[in-house]
Structures are given as C-alpha cells and as structure tokens.
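The values are calculated or read from the model by the stated rules, or taken from the named source; none is laboratory data. Just so it is clear, the model here is predicted, and its values are computed rather than measured. Here the Cβ positions follow ideal geometry from the backbone for every residue, glycine too, while neighbour counts run over all protein chains shown.
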Amino acid sequence: MISDTSDSSSDSDLGGRSGSSSSSPSPHAPSPPPPPPRANSPSIVDSSSWVEGAIIVGAGPAGLAVAACLKDRGVPSIVLDKANCIASLWQQRTYDRLHLHIAKQYCELPLLSFARDVPQYPTKNQFIDYLHDYARHFEIQPLFDRCVVAATREQSGDRSLWRVETVDKRRGVREEFRSRWLVVATGENGAERIPEDLRPGLDRFQGTVLHSSQYRNGKPFKGQRVLVVGCGNSGMEIALDLLNHGAQPSIVVRSPMHILPREMFGRSTFAVAMSLMKLLPLRVTDKLLVMYATLALGNTTKYGILRPSTGPLETKAKFSKTPILDMGTFRKIRSGSIKVMPCMEKIDREGVYFGDGRYESYDSIILATGYKSMVCSWFKDDGNYFSRDGFPKSGWNCDKGLYAAGMSRQGIFGVSKDAKHISDHIYDDFSFIERKRTNSIVNFKMMMK
C-alpha cells in the first residue's frame, strides 16, 4: 500500500497557511552543489573569522528573531544563509494565494508588531514585507549565498567552541567562522519531502508531477484532472485554488485528521483555543473545539474524512500533526466539487489505483507532502544533539553553547518563544565573559601601577 505524507510539518513552520515562478508547471531545478574545497580537502579554508557573539545559521523568521533579540541585549551576531534573500521559503517556495491561517498577533516576531493597517490574516507578500521591515529595523544584514557544509564542536580548555565551515557560492571560496555560540535556525522545512514508496509510481506517471513548493497557482491546470497528495493545510488550499482556476481536483486523505473553522464566534480559532487553555484542561478544550467544529462544518466522516481519537490540540502535541483550519475547502468537498480519495495502492502511466478498488486517471499530480529538516546533512555530531530526522533532542537549548530556534513544531508562535529563551541564555553567558574580561583588564592595570 502506498502512503501519503501530510504537509503538517510545513504548515506549522508557516504559521498555518492559506496562498512564483513560471506560469506553466515545470520541474523545479535543484540548487547546484557547492564547489568542492581546493585540493579536495575539507580542512582547507580561504579565510577564518572569530565571531565575538553568536553564529546564526538561517535567515528565516527564526534566525531574524534570534539576531534581533540578541542585538536588543547588546550581543553581536552574524547570520548565514545559503539563499540570496531572507525568508527564502516564503519568497521562493510558496503559492500565490498564501495567507497566514492564524491571526497576526500570534505570528509577530519579538520586539516589533505588524503595522496597524495589515489585516488580521496577512497575505504572503504582507508577511514578507514585515520580515524585510524587521531586518531593516534591527539592522540585520545576513551573509547570503553561504552554504554551510560542516559545523563541529571543538574543545578549548574548559569551554566548547563551534566551528562552522561555509562555501561562498558567489565567489567559490571556503570560509570558516568560529564562536562560543551556535544557533541552528534553518527551520523544519529544509527540503521537499517525497515519500519513498511514491517514487516508483511517479517515475511511471506520464503527466505532470509537482511538489507544492513549485506550485504557484491553478491557472496552468485549467480543465485538468489533478490529484493532490497530502491533506494538510497546504494540500487543502491548493485543491481549492485548483478548483477556482477551473481544474477538477481530488485530494488523498489517508489518515484521520481534524478540520476546524478558521474562526469561532468571530475570533481566530487559535486565539479561542489559547484562551480556553488558560482556564480549562487540554482535553476539555479539545472537546469544545470538536463540538463547535461539528456544529459549524457538519460530520466530516460522511465525506471520507475521519476524526482522530485524540482532540486537535492533543494530536498536535503528541504527533506534531497540525489541524486543518478550513478556508472554504470543506464546503467544496460537501458539494462534490472536490473529491476525497482514500489511500493509494499504485500509480501507473495515466492514473492511480486506490485502496477501495477505484481507478482514476489524472493529468497532473501535486505532492503536498511537506518538508524535512536538512540539519543532519551539515551538522556533524553523531546523533548527540539532533535526531535522525534533523530535530533537536532537547528543545531550544542543546547544551554547550548550541541552540535550535524554530524547530519546536509550534510554527511562528514557537519561533518567538525560542528566540527569547535563546537570547536570554546567550546574554547571561556573554555578560559573564565580558565581566570576567573587564575584571582582568582592571587587575592588570592595577598591577602595572
């Protein structure tokens, strides 16, 4: 049986989503690999720099937030990113109609709010503008086109030092940065996730195959029968966008999931849930959310969408599976405009065999199967700090001057919490070192008198 993977991981990093490249679906060319080091030796570098403050890898929301919080505390930092811009996921790998699914006050980074004229649920471009304003406000100037190829810990006396090796893709030179503190802020969405059991069938399929990172809008798919694989927030909204552009979309729903209305009683569902959690136990809050969702949306089981046995918040906490905040897709499912399909058994040249015995032909398949962390491709620690799937084993504080920001599976809301914790922790350490250095200078001057 072929499984599909929901894109809940990617949705969590984008704060819950609601959506540029070409107007026709074309394969997404992977970034060229960094040039090899000279003399084929990873130990040879063209320049080496000591960083007085923290090294931050990643210029997305998490990296920017940590840099801003550190600057506010008087701690310097450098930000490295392999892309040529801040927030490259948002700028280069998101669809046109993307909106934040949760209210803007829960998607603000520390120390700077959205402008008052920004709507409750900002568009993709409004959020990108906010990030640019944020970087300008705190005078954050990342070093772009720096592909990190290795990060290792070195022991210097009783302290750990972090050594980060990069390739400057524009100049083709290898650089080394060393510091007491390293912040991994590359996020949860390093590369597209394509389930291995889908690959053989996708290779046979003669139609167009795109990952959601390549999807911009449904215009090129007008009149086509399109199968969306992955029923997270992105998959649901892509299916709706396809329908609005004249396509005939179907969506694969393999496992139970929660669908909630985006708003309850005129307020963001996320805001209501946060308020209830302050007063009630998690499971009671979950029961109230499901009760309201059933009244607002009806029985989703009738349309092939089962609800999990655990509530939406408990499911998120236990399994990192984000509930769907409906933007209108479910109404189209109820009307039959968007078809719900069960798990896939086999993909052939022209279509898909499903678990209930049906066979459907398709012109295109869009993989809304989420993303994966790529930290383990460059962070060399033999599994001490990061698990095999690239997530930190001990939350934001990984020990010995190593931190992870924006990898708590709590979306942008979690990014702000991580940034504040990390900056406070580094500030305490930085201040201690500065006091010790100052005292040493004072003592030396007294001895010289």
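Of everything in the stretch 187-224, what is among the aliphatic types (A, V, I, L, M) and either crowded, with 17+ Cβ neighbours inside 10 Å or closer than 30 Å to TRP396 by Cβ (or both)? Give them in sequence order. Step through it out loud before you land on a result.
So in the stretch 187-224, the residues among the aliphatic types (A, V, I, L, M) come out as 191, 194, 198, 202, 209-210.
Passing the criteria: ALA191, ILE194, LEU198, VAL209, LEU210.
Any idea which of (1) outside any helix (DSSP H, G or I); (2) acidic (Asp, Glu); (3) out of contact with any helix residue (DSSP H, G or I) (no Cβ under 7 Å at 6 or more places or on another chain) is the one ASP197 doesn't satisfy?
The one condition ASP197 does not meet is (1).
For GLU154, work out the one condition from (1) farther than 30 Å from LEU242 by Cα; (2) at pLDDT 95 or above; (3) acidic (Asp, Glu) it doesn't fulfil.
Every listed condition holds for GLU154 apart from (2).
Quick check on the stretch 169-182. Is at least one of its residues outside the structural domain of LYS346 (by TED's automatic domain parsing), at pLDDT 95 or above and within 21 Å of the chain's Cα centre (by Cα)?
So far as the stretch 169-182 goes, yes, one or more of its residues are outside the structural domain of LYS346 (by TED's automatic domain parsing), at pLDDT 95 or above and within 21 Å of the chain's Cα centre (by Cα).
Just to be sure I understand, how many residues within the stretch 154-180 are part of a strand (DSSP E or B) and farther than 20 Å from PRO76 by Cα?
Filtering the stretch 154-180 down to residues part of a strand (DSSP E or B) leaves 154-156, 159-168, 173-179.
After this cut, where a residue has to be farther than 20 Å from PRO76 by Cα as well, the list is 154-156, 167-168, 173-174.
Matching residues across the stretch 154-180 total 7.
Counting only residues that are hydrophobic (A, V, I, L, M, F, W, C) and in contact with a strand residue (DSSP E or B) (Cβ under 6 Å, 6 or more places away or on another chain), how many does the stretch 387-433 have?
To start, the set of residues in the stretch 387-433 that are hydrophobic (A, V, I, L, M, F, W, C) comprises 391, 396, 398, 402, 404-405, 407, 412-413, 415, 419, 422, 426, 430, 432-433.
Next cut, in contact with a strand residue (DSSP E or B) (Cβ under 6 Å, 6 or more places away or on another chain) only: 396, 398, 402, 404-405, 407, 422, 426.
Looking only at that region, the number is 8.
Kindly list the number of the only condition in (1) outside the structural domain of TYR303 (by TED's automatic domain parsing); (2) modelled with pLDDT of 95 or more; (3) part of a strand (DSSP E or B) that fails for CYS398.
(2)
Can you go through LEU276, LEU260, LEU240 and tell me which one is in a strand (DSSP E or B) and assigned by TED's automatic domain parsing to the domain that holds VAL290? Quick ask: steps written out before the conclusion?
Working: LEU276 fails: in a strand (DSSP E or B); LEU240 fails: in a strand (DSSP E or B).
Only one candidate qualifies: LEU260.
One residue is enough: does the stretch 134-141 have a residue meeting the conditions more than 26 Å from PRO220 (Cβ to Cβ), out of contact with any helix residue (DSSP H, G or I) (no Cβ under 7 Å at 6 or more places or on another chain) and not in a helix (DSSP H, G or I)? Write out each step before concluding.
So in the stretch 134-141, the residues more than 26 Å from PRO220 (Cβ to Cβ) come out as 134-141.
From what's left, out of contact with any helix residue (DSSP H, G or I) (no Cβ under 7 Å at 6 or more places or on another chain): 136-137, 139, 141.
Adding the requirement that they be not in a helix (DSSP H, G or I) leaves 139, 141.
The answer is yes, given that some residue of the stretch 134-141 is more than 26 Å from PRO220 (Cβ to Cβ), out of contact with any helix residue (DSSP H, G or I) (no Cβ under 7 Å at 6 or more places or on another chain) and not in a helix (DSSP H, G or I).
For residues that are of a type in the set (Lys, Arg) and under 24 Å from LEU210 (Cα atoms), scanning just the stretch 61-116, find the one that is nearest to the chain's Cα centre (by Cα).
Residues of the stretch 61-116 that are of a type in the set (Lys, Arg), as a first pass: 71, 73, 82, 93, 97, 104, 116.
Within this subset, residues satisfying the condition of being under 24 Å from LEU210 (Cα atoms) are 82, 93, 97.
On the way: LYS82: 16, ARG93: 11, ARG97: 18 Å.
Only one residue tops the list, namely ARG93.
Just for strands (runs of 3 or more DSSP E) wholly inside the stretch 301-381: which have at least 1 residues that are under 20 Å from the mean Cα position of the chain (by Cα)?
Numbers: elements: 324-326, 339-341, 344-347, 351-354, 359-361, 364-367.
So the answer is 324-326, 364-367.
Return a yes/no flag: does the stretch 336-346 have any residue that is at pLDDT below 95, farther than 30 Å from GLU154 by Cβ, crowded, with 19+ Cβ neighbours inside 10 Å and in contact with a helix residue (DSSP H, G or I) (Cβ under 6 Å, 6 or more places away or on another chain).
no
When you look at GLN155, is it exposed (fewer than 15 other Cβ atoms within 10 Å of the Cβ) and over 24 Å from the mean Cα position of the chain (by Cα), yes or no? Even if it seems obvious, please write down each step before you answer.
Values: exposed (fewer than 15 other Cβ atoms within 10 Å of the Cβ): yes; over 24 Å from the mean Cα position of the chain (by Cα): yes.
When the stated conditions are applied, GLN155 passes them.
Please state which of the following conditions GLY187 fails to meet, knowing it meets all the rest: (1) in contact with a Pro (Cβ under 6 Å, 6 or more places away or on another chain); (2) small (Gly, Ala, Ser); (3) in a loop (DSSP other than H, G, I, E, B).
(1)
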